[in-house]
Amino acid sequence: MQKILVVGAGFSGAVLARQLAESNRFEILVVDERNHIAGNCHTKRDAETNVMEHMYGPHIFNTSNKKVWDYVNHFAEFMPYTNRVKAVTRAGVFSFPINLLTINQLFGKSFNPREAEAFVSTLGDKSITEPQNFEEQALSMVGKEIYEIFFRDYTIKQWGCDPKELPASILKRLPIRFTYDDNYYHNVYQGIPKNGYTELVSNILAHPNISVKLNDCYTREWNGNYDYVFYTGPIDAYFSYARGRLGYRTIYFERNVFNGEDYQGNPVINYCDKVVPYTRVHEHKHFTPWEKHSKSLYLTEFSKETEENDIPFYPKALAADKAMLEVYKQMAEGEIKTTFLGRLATYRYLDMHHVIDEALTIAEQFLRNTAPLEAFMRFPIING
Ligand code: UDP
């Protein structure tokens with residue numbers, strides 16, 4: 001059996017390890033420097049309330065990819081769940097993302113879908129034909145008033161920079177609807193694993209050809225002991241930050257227990273105005289509406305720049321980061337028998353379903369590969 005090292009026990013590493021393990025051709029070690037598996041999707045029951053806590057912030061699984069949906073459902077029972085968010089703004093509390101109710105309430109109207117669409121198009125800035133950044137994307141779609149009420153301050157708080165510096169793609173994550181549908185996502189499948197994400201990842205990793213080592217800090221020197229390495233950690237960390245640190249936002253939480261059944265009446269409430277220092281508050285019992293708890297755990301989320309010992313969450317991908325990434329990618333090309341995959345190793349803003357899909361594809365190609373391992377892909381074929 002060939003020896004494979006997978007660095008990182010999040011979705012990328014776990015899925016990749018499992019797919020290779022199934023072939024019975026490889027003996028796989030999955031190593032993670034943290035004391036748990038599942039990366040930032042890690043969930044754990046809170047001792048005081050018994051609520052399933054999303055330790056690194058809310059994770060709601062949503063995808064339109066049937067292969068990925070079937071895959072996760074094979075390893076854990078998913079419960080139906082639809083994410084519905086409310087936004088507290090300087091103009092009041094609204095249904096979010098922007099939908100027909102939001103528009104009608106904000107402007108005191110009773111538009112039907114066609115009227116609302118026609119009205120919002122009059123608000124959009126027509127002079128922006130090809131939006132080049134987050135702000136231009138928002139102004140061209142919804143105009144200044146909606147941009148300033150819902151997006152500008154929240155984005156400054158979340159990303160710590162001028163929205164003009166951010167790519168338009170960040171805003172495109174959110175739908176704008178001219179119906180009363182207030183589903184946060186537009187994907188076909190949505191749900192939450194009944195017993196949390198850690199159980200799901202643990203089931204993926206449960207294979208006789210896989211061993212897992214936690215609390216162990218991988219370094220490149222380990223590579224020599226393996227036939228092939230799949231690396232899912234931060235690409236700049238792989239090279240000991242030799243060319244600098246890529247920019248990430250990190251989030252941190254203020255945890256509180258509410259001695260009653262319901263603290264805020266909704267799983268997630270966003271705070272869109274700059275007078276409130278945090279971005280959102282999440283009440284985790286609402287992520288498992290099939291469970292009953294007499295107390296409630298809620299977390300207030302703040303965002304800041306990632307410093308040395310912080311956990312990287314969101315790749316900022318500003319111009320300087322992109323230039324630095326190119327340098328690291330060139331350095332990575334020299335690392336034979338190593339593939340870099342996942343959110344951190346490829347420095348992309350990816351959701352859970354994206355990284356699972358990519359890990360499945362890479363595993364499939366690795367299993368089919370007949371060329372020398374030196375020639376196997378360093379990076380996945382990156383779309384967009
Ligand atoms: N956003 C905003 N106001 C909100 C929620 C989101 O301006 O109330 C912006 C913000 O810039 C955020 C982006 O929309 O980064 C995408 O939101 P999403 O909820 O997809 O972010 P994530 O789930 O990754 O935190």
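Any read-out appearing in this document is the output of simple, stated calculations on the displayed coordinates, not a laboratory observation. Computed from a prediction, not measured in an experiment: that's the story for all the values here. Heads up, the Cβs are rebuilt from the backbone with ideal geometry, glycines too, and the neighbour counts pull from every protein chain shown.
Remarks
- A quarter of the convex hull surface defined by the alpha-carbon atoms of segment 87-199 gives 8.9 nm² as the mean projection.
- Gyration tensor (alpha-carbon) shape descriptor, segment 1-87, a/c threshold 1.5: oblate
- Relative contact order (%) - the chain, alpha-carbon pairs under 8 angstrom, separation at least six: 25
- Between 0 and 90 degrees, the angle of helix 134-146 with respect to the longest Cα principal axis of the chain falls at about 20 degrees.
- The chain - mean residue ellipticity at 222 nm from DSSP helices (-39,500 (n - 2.57) per run, n ≥ 4, rounded to 500): -8500 deg cm²/dmol
- Note on the chain: percent of Cα-Cα distances in each 20 Å bin, starting at 0 and stopping at the bin with the largest distance, equals 26, 56, 18, 0.
- Counting only DSSP beta bridges whose two residues both lie in the chain, roughly 60 percent are antiparallel.
- Percentage relative contact order, segment 75-202, counting C-alpha pairs under 8 Å, at least six apart: 38
- Cα-based helix-to-principal-axis angle, 66-75 vs the chain, degrees rounded to 10: 70
- In degrees, nearest ten, helix 113-123 long axis to first principal axis of the chain (Cα): 90
- Compactness of segment 97-144 as Cα Rg over 2.2 N^0.38 Å, two decimals: 1.19
- Packing order of peptides 369-381, 352-364, highest average first: 352-364, 369-381 (average count of other Cβ atoms within 10 Å over each peptide's residues).
- Classification of segment 186-230 by its C-alpha gyration tensor yields a prolate form. The axis ratio a/c (a ≥ b ≥ c) is 1.5 or more, and a/b outweighs b/c.
- Residue-wise HN-Hα couplings along segment 213-218, as the Karplus relation 6.51 cos²θ - 1.76 cosθ + 1.60 with θ = phi - 60° gives them from phi, are 10, 9, 6, 10, 8, 5 Hz; Gly and Pro carry x.
- Computed on the Cα atoms alone, the convex hull of segment 194-333 gives a volume of 168 cubic angstrom per residue.
- Cα-based reach from Lys292 at 17 Å (exclusive), listing aspartates and glutamates while leaving out same-chain residues under 8 positions away: Asp46, Glu48, Glu53, Glu261, Asp262, Glu283
- Cα-based Rg and Dmax for segment 181-277, where Dmax is the largest Cα-Cα distance (Å): 20.6, 55
- Cβ-based charge dipole, segment 6-109, positive-most Cα from Pro58, Gln105, Ile37: Gln105
- 13 Å beta-carbon shell around Trp290, net charge (K/R +1, D/E -1): +1
- Shape class for segment 41-104: oblate, because the ratio a/c of the largest to smallest gyration tensor axis (alpha-carbon atoms, square roots of eigenvalues) is 1.5 or more and b/c is at least a/b.
- Test item: Cα-centred dipole of segment 203-324, Lys/Arg +1 and Asp/Glu -1 on Cβ, debye: 160
- Computed about its Cα centre, the charge dipole of the chain is approximately 340 debye, with only Lys, Arg, Asp and Glu carrying charge at their Cβ.
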